[in-house]
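Asker: This structure is in structure tokens; I'll ask about it shortly.
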Amino acid sequence: MAAILRLNYTSVTEFILIGFSTFPHLQLMFFLLFLLMYQFTLLGNLLIMATVWRERSLHTPMYLFLCALSISEVLYTFAIIPRMLADLLSTHSSIPFKACASQMFFSFTPGFTHSFLLTVMGYDRYVAICHPLRYNTLMSPRGCACLVAWSWAGGLVVGLVVTSSIFQLTFCGSNEIHYFGCHVPPLLKLACGNVSTVAMGVGLVCITALLGCCLLILLSYAFIVAAILRIPSAEGRHKAFSTCASHLTVVVVYYGFASVIYLKPKGPQSLEGDTLMGITYMVLTPFLSPIIFSLRNKELKIAMKKIFFSNLYPSSI
């Protein structure tokens, strides 16, 4: 109710997105490129989910978490990319006030759920390698379901906190967002009055969540590496590390791009630079994730061939 009353004092009813206005001659090329990447992202994640669903040998905690990760990526990209594609074909890229708030919430929630799920997957690999005899007990079906549920609950809390904090501010004057979506820093620049407290609070929530997840993953892999080094045979070490390779690669890509967005030093930034960095994080990262998990996971590749290509290439299975 408070949020509805707050809207009555907000003079801005819509925002103008000008993130792509600096690339007028490249918008059609961007549209075609992003459309292909978005379709591949959807197809890749749906393929992973369908494969895990149908193949009984993949009904394990690691692949349950991978399914949940694919769902978060599908929802995250769906909240941002379709509107971005429409704006690339439009001469007037605008978004209503409430739609902007919805976009922020429905992108932040699966986005941070993705971080929490990557952390849970790191814990899963830690238990599998460092405590293999207790794996079935520690990673029981009920325990895995609780970890997934808590990951989504954490993403929901962050999404609610960030969105409610930003959109309880008063926006007056300019309504031009120097970005291609409803992102926190450009919106803070449009808010009236002293927004330093809100900016500090939102930044603290986002950075704490990201760094906290990153540190937990690093801690998991510190124990994993120590355990792998104690394995006497080179073949055993290689086999143990191969079960972590796809997850570790996705973590490096995800947090590498996220650090550029959230931890970049303050200072004058060009609209072109901000837009390109945002595209890299919001389009390229989800595009790469299903590729990495599919190509670097032998069990998943075999299951995909068995289910989807057995009729065409029976001799390759």
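The values are calculated or read from the model by the stated rules, or taken from the named source; none is laboratory data. Just so it is clear, the structure is predicted and the values come from calculations on it, not from any experiment. As a convention, Cβ positions derive from the backbone with ideal geometry for all residues, glycine included, and neighbour counts pool all protein chains shown. Remember, those area values only see protein heavy atoms, side chains included, never the ligands or the DNA or RNA. Shrake-Rupley method; radii C 1.70, N 1.55, O 1.52, S 1.80 Å.
Asker: If you project the alpha carbons of region 7-144 onto the principal axes, what extent comes out on each, in Å, largest first?
Answerer: 60, 39, 24
Asker: Which FRET efficiency, nearest 0.05, do Cys130 and Val253 yield, Cβ-Cβ r, R0 30 Å?
Answerer: 0.75
Asker: A further question follows. So if each residue of separation counts as 0.36 nm, and I subtract the Cα-Cα distance between Lys239 and Cys146, what length gain in nm does that give?
Answerer: Length difference between fully extended and current span is 30.6 nm.
Asker: Please list Ile302, Ile166 from largest to smallest accessible area, probe radius 1.4 Å, with all protein chains kept in place.
Answerer: Per-residue accessible area, sorted high to low, gives Ile302, Ile166.
Asker: Check Thr170: other-chain or 5+ apart residues with amide H under 5 Å from its amide H, H built from backbone geometry?
Answerer: Cys192
Asker: Report, by chain and number, residues whose modeled amide H sits under 5 Å from the one on Glu176, excluding near sequence neighbours (fewer than 5 apart, same chain).
Answerer: Amide H neighbours of Glu176, under 5 Å, 5+ apart: Ile16.
Asker: Quick one: if the Förster radius is 22 Å, what FRET efficiency do His92 and Thr280 give, using the C-beta to C-beta distance and rounding to 0.05?
Answerer: For R0 = 22 Å, the calculated efficiency reads 0.30.
Asker: Here is a follow-up. Calculate the spin-label point distance for Gln168 paired with Lys189, positioning each point 7 Å from the Cα along the beta-carbon direction, and give it in nanometres.
Answerer: 2.5 nm
Asker: If you don't mind, there's one more thing I want to ask. Can you give the angle from 0 to 90° between the axis of helix 196-229 and the longest principal axis of the chain, with both taken from C-alpha atoms, to the nearest 10?
Answerer: Value to nearest ten degrees: 10.
Asker: Please identify which residues in region 91-118 have an amide N closer than 16 Å to a label point set 7 Å out from the Cα of Thr13, following the Cα→Cβ vector.
Answerer: Answer for region 91-118: 94-100.
Asker: Based on the alpha-carbon gyration tensor of region 111-151 and its eigenvalue square roots a ≥ b ≥ c, which shape applies: rounded if a/c is under 1.5, prolate if not and a/b is larger than b/c, or oblate?
Answerer: Oblate.
Asker: Under 19 Å between C-alpha atoms is the cut-off here; go through the chain and count lysine pairs that meet it, provided they're at least eight residues apart or on different chains.
Answerer: Summing the qualifying lysine pairs gives 6.
Asker: While we're on this one: Could you tell me the extents of region 75-190's C-alpha atoms along the three principal axes, largest first, rounded to whole Å?
Answerer: 62, 31, 20
Asker: With every protein chain present, what is the per residue accessible area of region 77-185 (1.4 Å probe, Å²)?
Answerer: On a per-residue basis, region 77-185 sits at 43 Å².
Asker: Please report, as a whole percent, how much of the solvent-accessible surface of region 21-291 comes from carbon and sulfur atoms (probe radius 1.4 Å).
Answerer: Exposed carbon and sulfur together represent 72 percent of the surface.
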